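Below: one structure, written as structure tokens.
Every number in this text was worked out from the coordinates using simple rules, so none of it is lab data. Note that this is a predicted model, so its numbers are computed, not measured. A quick note on method: Cβ atoms are made from the backbone with ideal geometry, for glycine too, and the neighbour counts reach across all protein chains shown.
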Amino acid sequence: MALIKSISGIRGTIGGGIGENLTPIDIVECTMAYGHFVRQNAKDSAQTKVVIGRDGRITGLQVSNLVVNTLQMMGIDVIDLGLSTTPTVEMAVSLEKASGGIILTASHNPREWNALKFLNHKGEFISAEEGLQILSYIDDKVVEFATVDKQGKYAEHQGYIDLHVQEILKLPYIDVELIKQKGFCVVVDCINSTGAISIPPLLDALSVSYSLINEEMTGEFAHNPEPLPKHMSQLCEAVLEKKADVGICVDPDVDRLAFVSEDGVAFGEEYTLVAVADFILSKKPGNTVSNLSSTRALADVTKRYGGDYFASAVGEVNVVNLMKSQHAVIGGEGNGGVILPDLHYGRDALVGIALMLNLLAERQVSMTALRSSYPAYHIVKNKIQLTAEMDIDHILNVVAETYADEKLNTVDGLKIDFEDGWVHLRKSNTEPIIRVYAESTSKESANQKVNLVMETINTLI
């Protein structure tokens, strides 16, 4: 059981003790702190408004009710999108000119988890500084509630997924007629969440034939909900069975995206952003951004078009900040997160799907042919479970000393750059673990790099 209060929000396992798990008390306290933050930063505190939406998790409605009632009793108006997606909520905050937003989702975490993710008035994740403010409000208990005649108003808005789709179709990169003419057949793994209500409207608008698996929005995930190849065997089999052109896999809140090629082999979540960036850069050359744990292939593709590649610390807000400062035309994260500034500054699986289909239709290639056109890198993703006794800083310092002759980056944990690859170690923002990622020109080489670093770490824990 776990509870993680971080600069991006609160995440934890349902049940258990207060302050140790995600209990009703913890949900209310964090909502109160966020509500206070919104009022403090609103231009007109008398008219604060917050958009909320949730994924298909088992506890989504209970958590939503706690959040809604707390905000209303603070005098804050609530626009409730109900079952929705993270990128849809992000766009709604901006379109509604709201003071902020809360997304109720634990993203790729298992069924027993839920979370509150906080957005600013732009529909973007709050900054580290803003997150620290909210954490301080939780500790200081500075919140005041509204009197009976100043309670916040409540309104439901069920149409934002359709609005989201329409905004995607308006993009200059999307040739709807070309995609329609191609006559794609796809299979979608909805992972028992809101992919089931958000992806079909997009595919219908593009006249794409599709089959859904795990489409019941029960929150009882049919498999581990993180869109990684090892969790996509069911989708791979369905693609072969249906003779589909593409398999589509998303996470429960539809901000991460992975594909399966027509031969039933995973395209690789790291290459989602690479392919989409290839398409965007062919239309609009410029700079790109991903995080330090993402594949080198994005840098290679960016150079093909004469642009510059930049790497940020892990975390969507860090990627977005660097994208803005470097005027990136496309960016995201190697976990399958695509961020297109022309739509909004947030990871968005729906726009990623549309862009990939347009790329395939325009170039008249299969998924396997497209994948073979990119540099062949292999990433290995490992993790170490954290315990209270572990001194993470000491571990990273010892590893850094061991590899002092290599190129080191300490912007986010420790990244060791070798001539033929890299290893990145960092504490997770979403789970009580240390992530250990490595990339090289072969899977064997990547594994070898991980094993060498793990040998050093194992002597310390």
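Once you have the Cα-Cα distance between GLU455 and ASP300, take 0.36 nm times their residue separation minus that, and quote the gain in nm to one decimal.
52.7 nm
For the chain, give the share of DSSP beta bridges that are antiparallel, in percent and rounded to the nearest 5; count only bridges with both residues there.
Expressed as a percentage, antiparallel bridges in the chain total about 60.
Report the antiparallel proportion of the DSSP beta bridges in segment 186-372 as a percent, rounded to a multiple of 5.
About 35 percent, rounded to the nearest 5.
Expressed as a whole number of Å, what is the distance separating the alpha-carbon centroids of segment 1-51 and segment 81-137?
The two parts, judged by their Cα centres, are 10 Å apart.
Taking other Cβ within 10 Å of each residue's Cβ, how do TYR309, TYR34 sort, fewest first?
The most exposed by this proxy come first: TYR309, TYR34.
Under 20 Å from the Cα of LYS5, which lysines turn up, not counting those fewer than eight places away in the same chain?
Within reach: LYS117, LYS141, LYS427.
Compute the signed sum of charges (Lys and Arg +1, Asp and Glu -1) over the other residues within less than 13 Å, Cβ to Cβ, of VAL314.
Net charge around VAL314: +2.
Mean separation of Cα pairs under 8 Å and 6+ residues apart, divided by the residue count of the chain: what relative contact order is that in percent?
RCO, the chain: 12 percent.
Per 10 Å bin, what percent of the C-alpha pairs of segment 369-438 does each bin hold, from zero upward?
18, 46, 25, 10, 2
Run a plain Debye calculation on segment 173-325 (Cα atoms as equal point scatterers, no solvent) and give log10 I(q)/I(0) at q = 0.11, 0.13, 0.16 Å⁻¹, rounded to two decimals, same order as the q list.
Ignoring solvent entirely, the Cα scatterers give -0.48, -0.68, -0.99.
Which whole-number percent of Cα pairs in segment 285-413 have a distance greater than 22 Å?
More than 22 Å apart: 47 percent of the Cα pairs in segment 285-413.
Could I get the Rg over Rh figure for segment 248-361? Both from C-alpha atoms, Rh via Kirkwood, rounded to two places.
0.93
Taking every pair of Cα atoms in segment 300-369, average 1/r, invert it to obtain the Kirkwood radius, and report Rg/Rh to two decimals.
0.99
Give me the tail of P(r) for the chain as a percent: Cα-Cα pairs with distance above 28 Å.
Tail of the P(r) past 28 Å holds 51 percent of the pairs.
Could you state the number of Å between the C-alpha centres of segment 405-446 and segment 141-212?
35
How do CYS185, CYS236, CYS30 line up, fewest other C-beta atoms within 10 Å first?
The order, fewest Cβ neighbours first, is CYS185, CYS236, CYS30.
Name the lysines eligible as straight-distance cross-link partners of LYS324: C-alpha to C-alpha under 18 Å, and not fewer than 8 places from it in the same chain.
Those lysines meeting the cut-off are LYS122, LYS284.
For SER6, what residues show an amide H to amide H distance below 5 Å, using hydrogens built from the backbone and excluding near sequence neighbours?
Result for SER6 returns ARG11.
Relative contact order (percent) for segment 3-158, with alpha-carbon contacts under 8 angstrom and 6 or more residues of separation?
32
Per residue of the chain, what 222 nm ellipticity follows from adding -39500 (n - 2.57) for every DSSP H run with n ≥ 4, rounded to the nearest 500?
-11500 deg cm²/dmol
Given the Cα-Cα distance of ASP405 and SER233 and 0.36 nm per residue of separation, how much length would full extension add, in nm?
57.8 nm
Set the Förster distance to 51 Å, then compute FRET efficiency between GLN166 and ILE25 from the Cβ-Cβ distance, nearest 0.05.
E(calc), rounded to 0.05, equals 0.80.
Among THR218, THR288, THR70, what is the fewest-to-most ranking by other Cβ atoms within 10 Å?
THR218, THR70, THR288
When the Kirkwood radius is taken over all Cα pairs of segment 3-158, what Stokes-Einstein diffusion coefficient follows at 20 °C and 1.002 mPa s, in µm²/s?
So the translational diffusion coefficient is about 142 µm²/s.
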